[in-house]
Structure formats: C-alpha cells, structure tokens
Amino acid sequence: MREAARRCREAPDTLALVQQYLAEPLALVEERMHQAVLEGEEPTRQLLAGSLRQGGKRIRPILALLAAEALGGSPAPAVDAAAAAELIHTASLLHDDVVDHAATRRGKPTLHSLWGNKLAVLGGDFILAQALRLLLGTGDLRLMESMATTVAAMGEGEILQIFHLFDTDTTEEDYLARIRRKTAVLMACACEMGARLAGASPSAVEALKAYGMAVGLAFQVVDDLLDYVGDQTTVGKPVGSDLLEGNLTLPVIHALRKPGGGVIRDWLERRALTPKRVQHVADLVRRYGSLDYAYGVAEGFVKEAQAALAGLPDTPARAWLDALAVYLLCRES
Ligand code: FPP
Ligand code: MG
C-alpha cells in the first residue's frame, strides 16, 4: 500500500477541487434536486427536507457532468440527468439504511431512525419517482432505459446481498458480481447519461460507461475496506458494521481462506459475532494482509478506469475523471 499512500498524499484535495471546477453546474444540480423534493406536499417535504442536505460527495452528478464535458465541451446538458442520478442514490440509501439497520449515516441519524421504517421506505419511493420524472424531462428514452436497468440491477444487488448474509462460501467473484450491481451500475449509468446528452459516438459512450463501472467497483471495494480500517468519526458509522450484519466483503472473504480463518468461519456460521469478536476479526484481517489485498484489487479497477479514458480527446474534463479515479482510492470517508 506504500505506493498508493504516496499518491494519496499528492492528491488529497481532488474532490474539493473538482467541486470547485464544476461549482456552477453543481449548484444547478442542487437546485433541481431540491425542486424535485419540494414538488411534494406537506408532510412529505418536511420528512425529506434533511435527506438531501446530508453532506454527500455528489460523485454521481460529478461523473455525469464531467462525462458530458469530456465529449461535448459543456456540462450544461447533463444537469437534470446528474440530479436524477443523485436522487436515485439518495433513495437507495434511504432504503439501504432500513435494510442495514443503520442508525447513522455520515455521522447523522438516518431517516428511519428518526421517523421509522415505513416513512423512510416511502420517502425513498417518492424520491425515486421524482428522479424518473426529471429524466423523462430530458426527452431521451435511452436514459430512461438505462436508469430502469440500473435500478433493477441495484435492487437485485441488495437482494443477492441479503440472500448471502453469513454465507462463508461466498467467493470473490460472487462479491464482485454483487457490488457491480449495487454500486457500480449507477456510476456507469451517470457517465453514460452525460455522454449521451453530449451527443457522443457509441464507442465514446461505451468507454465512459466502462470507466464508470470500474470506478464504481473501486469505490465499493474501498468503502468495504473502510469498514475495517476507518474510525467511526471519519466513516460516520461503527467499525465492523458490515460483518456484524453478516455482510461478507472482500477483506473477510480473503481472510476466511487463510489457515487461521477458521475462527471467523465458526463465528459466522454460528451467528455468534459480537462487537468484541468483530474487533478481533478486524485485527486478523489486517494481520493476514487482507486489507492490502483488497486495496490491490481496488487499484486494479482504478487502472482499468484510467485505461478506459485513453481513447477520449485530451480535455480538462478527461484529466478530472482520471484524477477522480485516483481520489476514490484514497478517500477516508
Ligand atoms: C449502500 O451499500 C447501498 C447501495 C450502494 C445500494 C442500495 C440499493 C438498494 C437499496 C436498491 C435500489 C433502491 C432504489 C430506491 C433505487 P452499503 O450498505 O454497503 O454502504 P453504506 O456503508 O454506505 O451503507
Ligand atoms: Mg448500508
């Protein structure tokens, strides 16, 4: 991880810088997102007002805007699609927090912990529908098709995850297939929509989609890794939460196959994990090199993402996409 750590020290501000670079279109994206929620009546507005202001990184809008700029010269045509992608992400997190029994997200109470599961799920449904409306407004049915396929895949990704909770036979391939659906497809879709709205050629659309998919895979591998290394204050949720829920991610899948992994298998199979044992697993995962291994897998996806950009014109937007891929590997929250 040493080489990666060096690169990360050199590129710590990428997200802030790219947000600055895209300040104008990102402000419009925020406006569209708020409008979409404000179209609801009371008490829907009251319920959802805070859910858009939770300090998200806005990665999906950034991807859509940069994709459009990289292929058409301006991010402007992608504003509505960028807002729709972030709304879909927001809706999926409202549902995911119910599924995961997560009390906090980014250090703040989740909607279901404040209002209950029913309202959190229904609020997510409302936001999802408003996102589809925004996409319909673009008049481009290909975007609707791409997003419908994406949301279906996300749902299936979560279903797969639930069916395989505590499943110690989960392989790395199973894990990658699951995170491709639950996370990567939406990033690929954001890139695809931006590219299509810029009038890109089919091969350029495919290149950006491939970039988004690889970046999404790297993002989720890092997200899952942070569950073992991050501390609660930066990650915004308790360390080891995935494992406690029975969600086997790459570090633990790797550690399970080590000679000393039997104890983890035993605890999982007997559903006998406790916060103290999860801490012990976190130590084992580190000792067995499983974090380094997972980090290496994420790095491989970042290289894949960068390679996908190679055929695109040399523009500032392409350079930002390249830098963003590296940043996602380095993030700590
Ligand atoms: C976070 O995963 C969750 C996702 C990336 C996708 C969730 C998808 C759904 C609930 C199905 C689709 C639903 C809609 C409304 C579009 P995580 O739990 O690993 O990450 P976390 O640590 O951020 O919670
Ligand atoms: Mg979750």
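Answer yes or no: is there a residue in segment 66-77 that is away from ligand 1 (no atom under 16 Å from the Cβ) and at positive phi. Yes, the conditions are met somewhere in segment 66-77. Taking the conditions (1) closer than 25 Å to Ile253 by Cβ; (2) within 21 Å of the chain's Cα centre (by Cα); (3) away from ligand 2 (no atom under 14 Å from the Cβ) in turn, Asp167 satisfies each one other than (2). Only residues that are closer than 27 Å to Ala78 by Cα, aliphatic (A, V, I, L, M) and either within 16 Å of ligand 2 (Cβ to nearest atom) or over 20 Å from the mean Cα position of the chain (by Cα) (or both): list them for segment 145-164, please. Selection gives Met154 alone. Number of residues in segment 273-317 that are exposed (fewer than 15 other Cβ atoms within 10 Å of the Cβ), β-branched (Val, Ile, Thr) and modelled with pLDDT under 95 equals 1. Among residues of segment 75-84 being farther than 16 Å from Leu186 by Cα and in contact (Cβ under 8 Å) with a residue 60 or more places away in the chain, the one that is surrounded by the most Cβ atoms within 10 Å (Cβ to Cβ) is Pro75. Scanning segment 101-114 for residues that are surrounded by 21 or more Cβ atoms within 10 Å (Cβ to Cβ) and within 11 Å of ligand 1 (Cβ to nearest atom) returns Arg105, Thr110. For segment 238-256, does any single residue satisfy the condition of being without any contact (Cβ under 8 Å) to a residue 40 or more places away in the chain and surrounded by fewer than 15 Cβ atoms within 10 Å (Cβ to Cβ)? Scanning segment 238-256 turns up no residue that is without any contact (Cβ under 8 Å) to a residue 40 or more places away in the chain and surrounded by fewer than 15 Cβ atoms within 10 Å (Cβ to Cβ). The set of residues from segment 25-64 being loosely packed, with under 13 Cβ neighbours inside 10 Å and either outside any helix (DSSP H, G or I) or of a type in the set (A, V, I, L, M) (or both) comprises Ala27, Glu39, Glu41, Glu42, Pro43, Arg53, Gly55.
The values are calculated or read from the model by the stated rules, or taken from the named source; none is laboratory data. Just so it is clear, the model here is predicted, and its values are computed rather than measured. Note: ideal-geometry Cβ built from the backbone for every residue, glycine included; neighbour counts use all protein chains shown.
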